[in-house]
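The values are calculated or read from the model by the stated rules, or taken from the named source; none is laboratory data. This structure is a prediction, so every number in the text was calculated from the model and none was measured. Cβ sites come from the backbone with ideal geometry, for glycine too, and all protein chains shown count toward neighbours. Accessible surface is based on the protein model in full, side chains and every heavy atom, while ligands, DNA and RNA are left aside. Shrake-Rupley method; radii C 1.70, N 1.55, O 1.52, S 1.80 Å.
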Amino acid sequence: MKWFLSQSLGILLAAALTVAGGCADKPQNSPQSKSSGQKSGDAKNLAVKPVDTKPVPSKPAVDEKKMSVTQEAYGKLPDGTQIDQFTLCNPNGLKVKIINYGAIVTAVETPDRNGKIENITLYRDSLADYMEMKGGKPTTPYFGATIGRYGNRIAKGQFTLEGKEYKLAVNNGPNTLHGGLKGFDKVVWKAEPVKTADTVGVVFTYTSPDGEEGYPGTLQAKVTYSLTDKDELKMDYEATTDKATVVNLTNHNYWNLAGAGSGDVLKHEVTLNADRFLPVDSTLIPLGRLDTVKGTAMDFTAAKTIGKDMAQVEGGYDHCYVLSRKDDGLSLAARVTEPTSGRVMEVYTTQPAIQFYGGNFLDGTIRGGGKAYEKHNGFCLETQHYPDSPNQKDFPTTLLKPGETFKQSTVHKFSVQK
Ligand code: BGC
(Lines give C-alpha, C1' and ligand atoms only; values in the text may rest on other atoms or scores of the structure.)
Protein backbone atom coordinates (compact mmCIF):
# COMPACT_ATOMS: atom_id res chain seq x y z
CA MET A 1 0.00 0.00 0.00
CA LYS A 2 2.77 2.37 1.02
CA TRP A 3 4.66 1.39 -2.13
CA PHE A 4 1.54 1.99 -4.22
CA LEU A 5 0.96 5.41 -2.65
CA SER A 6 4.52 6.49 -3.25
CA GLN A 7 4.37 5.20 -6.84
CA SER A 8 1.12 7.08 -7.44
CA LEU A 9 2.57 10.27 -5.96
CA GLY A 10 5.60 9.76 -8.17
CA ILE A 11 3.40 9.38 -11.23
CA LEU A 12 1.41 12.51 -10.40
CA LEU A 13 4.60 14.45 -9.78
CA ALA A 14 6.00 13.18 -13.07
CA ALA A 15 2.84 14.31 -14.82
CA ALA A 16 3.26 17.77 -13.32
CA LEU A 17 6.94 17.90 -14.21
CA THR A 18 6.26 16.78 -17.77
CA VAL A 19 3.72 19.51 -18.29
CA ALA A 20 6.26 22.02 -17.01
CA GLY A 21 9.06 20.90 -19.29
CA GLY A 22 9.80 17.89 -21.47
CA CYS A 23 11.58 16.79 -24.59
CA ALA A 24 10.58 14.88 -27.67
CA ASP A 25 11.31 11.16 -27.54
CA LYS A 26 13.21 9.64 -30.40
CA PRO A 27 12.23 6.17 -29.30
CA GLN A 28 15.19 4.11 -28.27
CA ASN A 29 15.05 1.45 -25.68
CA SER A 30 11.50 2.32 -24.64
CA PRO A 31 9.57 -0.87 -25.30
CA GLN A 32 6.29 0.38 -23.87
CA SER A 33 6.48 3.76 -25.59
CA LYS A 34 6.54 2.02 -28.96
CA SER A 35 3.12 0.48 -28.46
CA SER A 36 0.15 2.69 -29.16
CA GLY A 37 -2.32 0.52 -27.29
CA GLN A 38 -1.54 1.68 -23.77
CA LYS A 39 -4.07 0.63 -21.18
CA SER A 40 -5.91 3.55 -19.64
CA GLY A 41 -4.51 4.61 -16.29
CA ASP A 42 -1.01 3.33 -16.86
CA ALA A 43 2.01 5.43 -15.99
CA LYS A 44 2.67 6.58 -19.53
CA ASN A 45 -0.77 7.99 -20.05
CA LEU A 46 -0.70 9.79 -16.74
CA ALA A 47 2.79 11.06 -17.35
CA VAL A 48 2.46 12.46 -20.84
CA LYS A 49 -1.10 13.73 -20.89
CA PRO A 50 -1.90 17.04 -19.30
CA VAL A 51 -5.07 16.86 -17.20
CA ASP A 52 -7.26 18.52 -19.85
CA THR A 53 -9.07 16.52 -22.53
CA LYS A 54 -7.20 17.72 -25.61
CA PRO A 55 -5.81 14.89 -27.76
CA VAL A 56 -2.11 14.14 -27.37
CA PRO A 57 -0.36 15.97 -30.21
CA SER A 58 1.89 13.89 -32.45
CA LYS A 59 4.83 16.01 -31.33
CA PRO A 60 4.76 16.63 -27.56
CA ALA A 61 3.64 20.18 -26.78
CA VAL A 62 6.53 20.87 -24.50
CA ASP A 63 9.20 23.49 -24.20
CA GLU A 64 12.40 21.88 -25.51
CA LYS A 65 14.44 24.55 -23.77
CA LYS A 66 13.52 23.30 -20.33
CA MET A 67 14.74 20.43 -18.24
CA SER A 68 12.26 17.61 -17.83
CA VAL A 69 11.71 14.28 -16.13
CA THR A 70 9.02 11.95 -17.41
CA GLN A 71 7.82 8.52 -16.35
CA GLU A 72 6.38 5.71 -18.43
CA ALA A 73 5.59 2.03 -18.05
CA TYR A 74 8.59 -0.09 -19.06
CA GLY A 75 7.59 -3.66 -18.32
CA LYS A 76 6.24 -6.09 -15.77
CA LEU A 77 7.98 -8.53 -13.46
CA PRO A 78 6.70 -12.12 -13.58
CA ASP A 79 4.64 -11.36 -10.42
CA GLY A 80 2.91 -8.46 -12.21
CA THR A 81 4.83 -5.63 -10.53
CA GLN A 82 5.09 -2.74 -12.94
CA ILE A 83 8.54 -1.34 -13.69
CA ASP A 84 8.76 2.24 -14.92
CA GLN A 85 11.32 4.08 -16.98
CA PHE A 86 12.24 7.67 -16.16
CA THR A 87 13.60 9.95 -18.85
CA LEU A 88 15.69 12.97 -17.92
CA CYS A 89 16.24 15.62 -20.60
CA ASN A 90 18.23 18.80 -20.77
CA PRO A 91 18.04 21.66 -23.29
CA ASN A 92 21.28 20.59 -25.01
CA GLY A 93 19.77 17.33 -26.27
CA LEU A 94 21.11 15.05 -23.56
CA LYS A 95 18.81 12.34 -22.37
CA VAL A 96 19.24 9.76 -19.61
CA LYS A 97 16.83 6.87 -19.06
CA ILE A 98 16.69 4.82 -15.89
CA ILE A 99 14.35 2.05 -14.76
CA ASN A 100 13.43 1.24 -11.18
CA TYR A 101 14.44 -2.42 -11.63
CA GLY A 102 18.06 -2.47 -10.43
CA ALA A 103 18.08 1.34 -10.80
CA ILE A 104 19.51 0.50 -14.23
CA VAL A 105 20.59 3.28 -16.58
CA THR A 106 19.16 2.07 -19.89
CA ALA A 107 20.27 5.02 -22.03
CA VAL A 108 22.62 7.98 -22.03
CA GLU A 109 22.04 9.86 -25.26
CA THR A 110 24.48 12.61 -26.17
CA PRO A 111 25.36 14.50 -29.37
CA ASP A 112 28.58 13.83 -31.25
CA ARG A 113 30.63 16.67 -32.75
CA ASN A 114 28.12 16.97 -35.62
CA GLY A 115 25.13 16.99 -33.33
CA LYS A 116 24.18 13.35 -34.00
CA ILE A 117 22.51 11.91 -30.91
CA GLU A 118 23.34 8.34 -29.93
CA ASN A 119 22.97 6.11 -26.90
CA ILE A 120 26.51 5.69 -25.58
CA THR A 121 25.81 3.13 -22.87
CA LEU A 122 25.26 -0.56 -23.63
CA TYR A 123 21.63 -1.59 -23.18
CA ARG A 124 19.20 -4.48 -23.63
CA ASP A 125 15.86 -4.15 -25.39
CA SER A 126 13.41 -5.04 -22.64
CA LEU A 127 12.95 -5.84 -18.99
CA ALA A 128 12.82 -9.53 -19.89
CA ASP A 129 16.25 -9.18 -21.51
CA TYR A 130 17.68 -7.46 -18.43
CA MET A 131 16.26 -10.29 -16.28
CA GLU A 132 17.18 -13.17 -18.61
CA MET A 133 18.88 -16.21 -17.03
CA LYS A 134 20.71 -19.08 -18.73
CA GLY A 135 22.03 -22.10 -16.88
CA GLY A 136 20.97 -20.42 -13.61
CA LYS A 137 23.07 -17.32 -14.37
CA PRO A 138 22.03 -13.86 -15.52
CA THR A 139 23.02 -13.21 -19.13
CA THR A 140 23.39 -9.42 -18.79
CA PRO A 141 26.58 -8.54 -16.92
CA TYR A 142 25.24 -5.61 -14.86
CA PHE A 143 24.61 -3.24 -17.82
CA GLY A 144 23.97 0.24 -16.41
CA ALA A 145 23.03 -1.15 -13.00
CA THR A 146 23.33 0.25 -9.52
CA ILE A 147 25.61 -2.12 -7.65
CA GLY A 148 25.37 -3.02 -3.96
CA ARG A 149 25.73 -3.78 -1.18
CA TYR A 150 29.29 -4.36 -2.11
CA GLY A 151 30.56 -3.49 -5.58
CA ASN A 152 33.39 -5.68 -6.86
CA ARG A 153 34.68 -8.85 -5.21
CA ILE A 154 34.86 -10.17 -1.65
CA ALA A 155 37.25 -13.11 -1.43
CA LYS A 156 35.60 -16.50 -0.83
CA GLY A 157 32.36 -14.67 0.00
CA GLN A 158 33.25 -14.18 3.63
CA PHE A 159 34.56 -11.67 6.12
CA THR A 160 34.74 -11.12 9.85
CA LEU A 161 33.23 -8.04 11.41
CA GLU A 162 33.36 -7.18 15.10
CA GLY A 163 34.43 -10.76 15.87
CA LYS A 164 31.63 -12.42 13.91
CA GLU A 165 32.14 -14.32 10.65
CA TYR A 166 29.68 -13.62 7.83
CA LYS A 167 29.13 -15.88 4.84
CA LEU A 168 27.83 -14.28 1.67
CA ALA A 169 26.14 -15.64 -1.45
CA VAL A 170 29.00 -16.71 -3.74
CA ASN A 171 28.38 -15.97 -7.43
CA ASN A 172 31.75 -15.55 -9.15
CA GLY A 173 34.03 -18.58 -8.95
CA PRO A 174 34.92 -18.83 -5.26
CA ASN A 175 34.05 -15.16 -4.61
CA THR A 176 31.12 -12.80 -4.16
CA LEU A 177 30.80 -10.22 -6.95
CA HIS A 178 28.63 -7.08 -6.97
CA GLY A 179 26.51 -7.97 -3.95
CA GLY A 180 25.87 -11.67 -4.54
CA LEU A 181 23.23 -13.69 -6.37
CA LYS A 182 20.57 -11.01 -6.02
CA GLY A 183 22.40 -7.75 -5.63
CA PHE A 184 20.91 -4.25 -5.82
CA ASP A 185 20.98 -4.58 -9.62
CA LYS A 186 18.15 -7.14 -9.38
CA VAL A 187 15.78 -5.53 -6.88
CA VAL A 188 12.88 -3.15 -7.33
CA TRP A 189 13.71 0.35 -6.08
CA LYS A 190 11.20 2.98 -5.02
CA ALA A 191 11.50 5.95 -7.32
CA GLU A 192 10.61 9.62 -6.95
CA PRO A 193 11.26 12.12 -9.74
CA VAL A 194 12.87 15.39 -8.60
CA LYS A 195 13.47 18.72 -10.28
CA THR A 196 15.48 21.79 -9.28
CA ALA A 197 16.28 24.97 -11.25
CA ASP A 198 19.19 23.33 -13.08
CA THR A 199 18.79 19.56 -12.56
CA VAL A 200 16.23 16.84 -13.19
CA GLY A 201 16.55 13.49 -11.55
CA VAL A 202 15.14 10.48 -9.79
CA VAL A 203 15.70 9.47 -6.18
CA PHE A 204 15.83 5.69 -5.88
CA THR A 205 15.55 4.08 -2.45
CA TYR A 206 15.82 0.47 -1.37
CA THR A 207 15.72 -1.15 2.05
CA SER A 208 17.94 -4.19 2.13
CA PRO A 209 16.87 -6.48 4.97
CA ASP A 210 19.28 -7.68 7.66
CA GLY A 211 20.98 -10.83 6.34
CA GLU A 212 20.16 -10.24 2.66
CA GLU A 213 22.76 -12.12 0.58
CA GLY A 214 24.50 -12.73 3.92
CA TYR A 215 25.29 -9.11 4.80
CA PRO A 216 24.57 -7.93 8.34
CA GLY A 217 22.25 -5.01 9.16
CA THR A 218 19.20 -3.46 7.56
CA LEU A 219 20.65 -1.11 4.99
CA GLN A 220 18.68 1.94 3.82
CA ALA A 221 20.21 2.69 0.44
CA LYS A 222 19.54 5.77 -1.63
CA VAL A 223 20.91 6.75 -5.02
CA THR A 224 19.95 9.91 -6.84
CA TYR A 225 20.61 10.05 -10.56
CA SER A 226 20.37 13.54 -11.98
CA LEU A 227 21.09 15.34 -15.22
CA THR A 228 22.25 18.95 -15.09
CA ASP A 229 21.97 21.76 -17.61
CA LYS A 230 25.80 21.57 -17.81
CA ASP A 231 25.64 18.10 -19.44
CA GLU A 232 26.54 16.18 -16.30
CA LEU A 233 25.07 12.91 -15.10
CA LYS A 234 25.35 12.90 -11.31
CA MET A 235 25.15 9.85 -9.08
CA ASP A 236 24.77 10.56 -5.37
CA TYR A 237 24.85 7.60 -3.02
CA GLU A 238 23.78 7.42 0.61
CA ALA A 239 23.29 4.56 3.04
CA THR A 240 22.60 3.99 6.72
CA THR A 241 22.44 0.79 8.75
CA ASP A 242 21.08 -0.53 12.06
CA LYS A 243 24.04 -2.93 12.58
CA ALA A 244 27.71 -2.73 11.61
CA THR A 245 28.05 -3.74 7.94
CA VAL A 246 30.15 -3.16 4.83
CA VAL A 247 29.08 -0.98 1.89
CA ASN A 248 30.55 -0.21 -1.52
CA LEU A 249 27.96 1.27 -3.90
CA THR A 250 28.71 2.02 -7.52
CA ASN A 251 27.23 2.13 -11.01
CA HIS A 252 28.06 -0.28 -13.82
CA ASN A 253 27.51 1.52 -17.12
CA TYR A 254 29.36 0.05 -20.07
CA TRP A 255 30.39 2.98 -22.25
CA ASN A 256 31.02 3.17 -25.95
CA LEU A 257 31.36 6.83 -26.87
CA ALA A 258 30.97 6.00 -30.57
CA GLY A 259 27.51 4.58 -29.80
CA ALA A 260 26.36 1.34 -28.18
CA GLY A 261 26.80 -1.57 -30.58
CA SER A 262 29.15 0.33 -32.91
CA GLY A 263 32.10 -2.01 -32.39
CA ASP A 264 35.03 -2.22 -30.01
CA VAL A 265 36.28 0.56 -27.75
CA LEU A 266 40.00 -0.07 -28.31
CA LYS A 267 40.57 3.30 -30.01
CA HIS A 268 39.07 5.27 -27.13
CA GLU A 269 41.77 7.32 -25.42
CA VAL A 270 41.77 7.03 -21.66
CA THR A 271 43.51 9.06 -18.98
CA LEU A 272 43.28 7.90 -15.37
CA ASN A 273 44.31 10.09 -12.49
CA ALA A 274 46.01 7.17 -10.78
CA ASP A 275 49.66 6.28 -10.43
CA ARG A 276 49.01 3.05 -8.54
CA PHE A 277 46.78 0.01 -9.08
CA LEU A 278 45.93 -3.17 -7.20
CA PRO A 279 47.52 -6.31 -8.66
CA VAL A 280 45.17 -9.31 -8.45
CA ASP A 281 45.27 -13.11 -8.24
CA SER A 282 43.76 -15.45 -10.85
CA THR A 283 40.26 -14.94 -9.36
CA LEU A 284 40.70 -11.14 -9.53
CA ILE A 285 41.12 -10.66 -5.77
CA PRO A 286 43.70 -7.96 -4.87
CA LEU A 287 46.99 -9.32 -3.56
CA GLY A 288 47.04 -6.57 -0.93
CA ARG A 289 49.80 -4.35 -2.27
CA LEU A 290 49.59 -1.20 -4.35
CA ASP A 291 51.87 -1.29 -7.41
CA THR A 292 53.08 1.66 -9.42
CA VAL A 293 51.79 1.93 -13.00
CA LYS A 294 55.01 3.61 -14.11
CA GLY A 295 56.72 1.89 -17.01
CA THR A 296 53.95 -0.74 -17.33
CA ALA A 297 50.97 -1.42 -19.61
CA MET A 298 48.78 -0.33 -16.69
CA ASP A 299 49.89 3.29 -17.03
CA PHE A 300 47.09 5.64 -18.13
CA THR A 301 48.48 8.76 -16.43
CA ALA A 302 48.84 10.24 -19.93
CA ALA A 303 46.15 9.71 -22.59
CA LYS A 304 46.54 6.34 -24.29
CA THR A 305 44.18 4.15 -26.32
CA ILE A 306 42.68 1.17 -24.52
CA GLY A 307 44.13 -1.09 -27.23
CA LYS A 308 47.71 0.20 -27.19
CA ASP A 309 49.21 -2.00 -24.47
CA MET A 310 46.24 -4.27 -23.74
CA ALA A 311 47.86 -7.42 -25.13
CA GLN A 312 50.47 -7.18 -22.36
CA VAL A 313 47.78 -7.42 -19.66
CA GLU A 314 46.67 -10.99 -19.05
CA GLY A 315 42.92 -11.18 -19.62
CA GLY A 316 42.74 -7.46 -20.45
CA TYR A 317 42.08 -4.51 -18.16
CA ASP A 318 39.98 -5.43 -15.13
CA HIS A 319 41.76 -3.61 -12.33
CA CYS A 320 41.16 -1.23 -9.51
CA TYR A 321 43.15 2.00 -9.84
CA VAL A 322 43.92 4.01 -6.71
CA LEU A 323 43.03 7.62 -7.40
CA SER A 324 45.62 10.31 -6.75
CA ARG A 325 43.47 12.61 -4.65
CA LYS A 326 44.27 15.85 -2.87
CA ASP A 327 41.18 15.97 -0.65
CA ASP A 328 37.83 14.27 -0.01
CA GLY A 329 35.83 16.32 -2.52
CA LEU A 330 34.90 15.58 -6.12
CA SER A 331 38.05 15.28 -8.16
CA LEU A 332 38.85 14.21 -11.70
CA ALA A 333 39.33 10.44 -11.90
CA ALA A 334 39.16 9.72 -15.62
CA ARG A 335 38.91 11.36 -19.02
CA VAL A 336 37.94 9.44 -22.12
CA THR A 337 37.84 10.70 -25.71
CA GLU A 338 36.62 8.94 -28.82
CA PRO A 339 38.26 10.22 -32.03
CA THR A 340 35.52 9.48 -34.62
CA SER A 341 32.56 10.98 -32.78
CA GLY A 342 34.58 13.58 -30.87
CA ARG A 343 32.72 12.64 -27.70
CA VAL A 344 34.48 13.25 -24.39
CA MET A 345 33.52 11.91 -20.98
CA GLU A 346 35.10 13.07 -17.75
CA VAL A 347 34.48 11.26 -14.49
CA TYR A 348 34.74 13.10 -11.17
CA THR A 349 34.30 11.32 -7.88
CA THR A 350 34.61 11.45 -4.12
CA GLN A 351 35.53 7.73 -4.10
CA PRO A 352 39.08 6.52 -3.44
CA ALA A 353 39.37 4.23 -6.48
CA ILE A 354 38.05 3.33 -9.92
CA GLN A 355 37.68 -0.12 -11.49
CA PHE A 356 38.68 0.04 -15.14
CA TYR A 357 37.12 -2.91 -16.94
CA GLY A 358 37.57 -3.40 -20.69
CA GLY A 359 34.50 -5.55 -21.38
CA ASN A 360 36.72 -8.65 -21.50
CA PHE A 361 33.90 -11.09 -20.78
CA LEU A 362 31.47 -9.81 -23.43
CA ASP A 363 31.33 -12.54 -26.06
CA GLY A 364 28.65 -11.63 -28.60
CA THR A 365 25.91 -13.71 -26.99
CA ILE A 366 23.79 -10.79 -25.82
CA ARG A 367 22.37 -8.03 -27.96
CA GLY A 368 20.81 -4.59 -27.81
CA GLY A 369 19.20 -2.59 -30.62
CA GLY A 370 19.75 -5.52 -32.98
CA LYS A 371 23.52 -5.59 -32.44
CA ALA A 372 25.58 -8.22 -30.66
CA TYR A 373 27.95 -7.03 -27.94
CA GLU A 374 31.29 -8.63 -28.69
CA LYS A 375 34.44 -8.68 -26.54
CA HIS A 376 35.66 -5.12 -25.74
CA ASN A 377 32.50 -3.48 -27.17
CA GLY A 378 32.17 -1.45 -23.98
CA PHE A 379 34.28 -0.35 -21.04
CA CYS A 380 33.37 0.41 -17.43
CA LEU A 381 34.74 3.00 -15.05
CA GLU A 382 33.29 2.00 -11.71
CA THR A 383 34.10 4.53 -9.00
CA GLN A 384 34.35 2.68 -5.71
CA HIS A 385 36.29 1.53 -2.67
CA TYR A 386 38.93 -1.14 -3.16
CA PRO A 387 37.72 -4.71 -3.81
CA ASP A 388 37.86 -7.12 -0.87
CA SER A 389 38.38 -4.30 1.65
CA PRO A 390 36.51 -6.21 4.41
CA ASN A 391 39.38 -8.77 4.34
CA GLN A 392 42.28 -6.40 3.76
CA LYS A 393 43.25 -4.49 6.85
CA ASP A 394 45.48 -1.98 5.04
CA PHE A 395 42.78 -0.87 2.57
CA PRO A 396 40.56 2.15 3.37
CA THR A 397 37.65 0.88 5.42
CA THR A 398 34.22 0.09 3.98
CA LEU A 399 32.72 -0.39 7.44
CA LEU A 400 29.44 1.41 8.12
CA LYS A 401 28.15 1.62 11.66
CA PRO A 402 24.73 2.60 13.03
CA GLY A 403 24.52 6.40 13.33
CA GLU A 404 26.91 6.95 10.40
CA THR A 405 25.88 7.86 6.86
CA PHE A 406 27.73 6.47 3.85
CA LYS A 407 27.96 9.24 1.24
CA GLN A 408 29.69 9.22 -2.14
CA SER A 409 29.18 11.10 -5.38
CA THR A 410 30.27 10.61 -8.96
CA VAL A 411 29.75 13.00 -11.87
CA HIS A 412 30.05 12.12 -15.56
CA LYS A 413 30.55 15.23 -17.67
CA PHE A 414 29.89 14.95 -21.40
CA SER A 415 31.25 17.21 -24.11
CA VAL A 416 32.69 17.06 -27.63
CA GLN A 417 36.02 18.03 -29.10
CA LYS A 418 36.22 19.32 -32.66
C1 BGC B 1 34.33 -6.76 -12.91
C2 BGC B 1 34.51 -7.80 -13.99
C3 BGC B 1 33.19 -8.44 -14.26
C4 BGC B 1 32.22 -7.36 -14.66
C5 BGC B 1 30.85 -7.85 -15.00
C6 BGC B 1 33.33 -5.77 -13.37
O7 BGC B 1 33.08 -4.85 -12.38
O8 BGC B 1 35.54 -6.14 -12.59
O9 BGC B 1 35.46 -8.76 -13.60
O10 BGC B 1 33.29 -9.40 -15.24
O11 BGC B 1 32.12 -6.44 -13.63
O12 BGC B 1 30.43 -8.83 -14.21
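For a quick check: with amide H placed at 1.01 Å from N, whose amide H comes under 5 Å from residue 125's, ignoring anything fewer than 5 positions away on the same chain?
Counting only residues 5 or more places away or on other chains, the set is 369.
At a 1.4 Å probe radius, which order do 405, 70 fall into by accessible area, largest first? Before the final figure, lay out each step's value.
On the way: 405 70, 70 30 Å².
The ordering from most to least exposed comes out as 405, 70.
Just grab the label-to-label distance for residue 282 and residue 309, each label 7 Å out from Cα along the Cβ direction, in nm (one decimal).
It is 2.5 nm.
Take the Cα atoms of segment 146-274, build their convex hull, and give its volume per residue in Å³.
Numbers: hull volume 21.1 nm³, N = 129.
Dividing the Cα hull volume of segment 146-274 by its residue count gives 163 Å³.
Return the distance in nm (one decimal) between the two label points of a simple spin-label model at residue 158 and residue 113, each offset 7 Å from Cα along Cα→Cβ.
5.5
Dipole of segment 133-252 (Lys/Arg Cβ +1, Asp/Glu Cβ -1, origin at the Cα centre): which of 221, 246, 138 lies farthest to the positive side?
138
Would you mind telling me the share, in percent, of accessible area of segment 310-418 contributed by carbon and sulfur at probe 1.4 angstrom? The partial results should precede the final answer.
Details: 2300 of 4630 Å².
Carbon plus sulfur share of accessible area: 50 percent.
Averaging over all projection directions, find the projected area of the Cα convex hull of segment 237-355 and quote it in nm² with one decimal place. Could the numbers behind the result be given before it?
Details: hull surface 36.9 nm².
Projected over every direction and averaged, the Cα hull of segment 237-355 covers 9.2 nm².
Return the distance in nm (one decimal) between the two label points of a simple spin-label model at residue 289 and residue 229, each offset 7 Å from Cα along Cα→Cβ.
5.3
For segment 69-108 and segment 247-311, what is the separation of their C-alpha centers, rounded to whole Å?
After rounding, the separation between the Cα centres reads 29 Å.
Using Cα centres only, tell me the gap between segment 331-382 and segment 192-235 in whole Å.
Going from one Cα centre to the other spans 21 Å.
Suppose all protein chains stay in the model; what accessible area per residue would a 1.4 Å probe give for segment 181-337, in Å²? Don't jump to the answer; show the numbers that get you there.
Numbers: 6180 Å² over 157 residues.
Per residue, segment 181-337 has an accessible area of 39 Å².
With θ set to phi - 60°, apply the Karplus curve 6.51 cos²θ - 1.76 cosθ + 1.60 along segment 204-211 and write out the HN-Hα couplings as whole Hz, x wherever there is a Gly or Pro.
Working through the residues one at a time gives 9, 10, 8, 9, 9, x, 3, x Hz.
Collect residues whose amide H, placed 1.01 Å from N in the peptide plane, falls under 5 Å from the amide H of residue 251; neighbours closer than 5 in sequence don't count.
147, 383
Within the set 137/375; 304/413; 294/407; 294/326, which residue pairs have Cα atoms separated by over 25 Å? Don't skip to the end; give the middle numbers.
Values: 137/375 19 Å; 304/413 19 Å; 294/407 32 Å; 294/326 20 Å.
With Cα atoms farther than 25 Å apart: 294/407.
Among 237, 194, 183, whose Cα sits farthest toward the positive end of the charge dipole of segment 183-246 (+1 at Cβ of Lys/Arg, -1 at Cβ of Asp/Glu, about the Cα centre)?
Toward the positive end, the furthest listed residue is 194.
First measure r as the distance between the Cβ atoms of residue 297 and residue 133, then evaluate 1/(1 + (r/R0)^6) with R0 = 45 Å and state the FRET efficiency to the nearest 0.05.
Details: r = 35 Å, r/R0 = 0.79.
The calculated FRET efficiency here is 0.80.
No solvent, one uniform scatterer per C-alpha: report log10 I(q)/I(0) for segment 86-163 via the Debye equation at q = 0.21 1/Å, two decimals.
Taking Cα atoms of segment 86-163 as identical point scatterers yields -1.00.
Tell me, what % of the accessible area of segment 169-250 is carbon and sulfur with a 1.4 angstrom probe? It would help to have the intermediate numbers written out before the result.
On the way: 1360 of 2640 Å².
Ligands and nucleic acids excluded, carbon and sulfur reach 51 percent.
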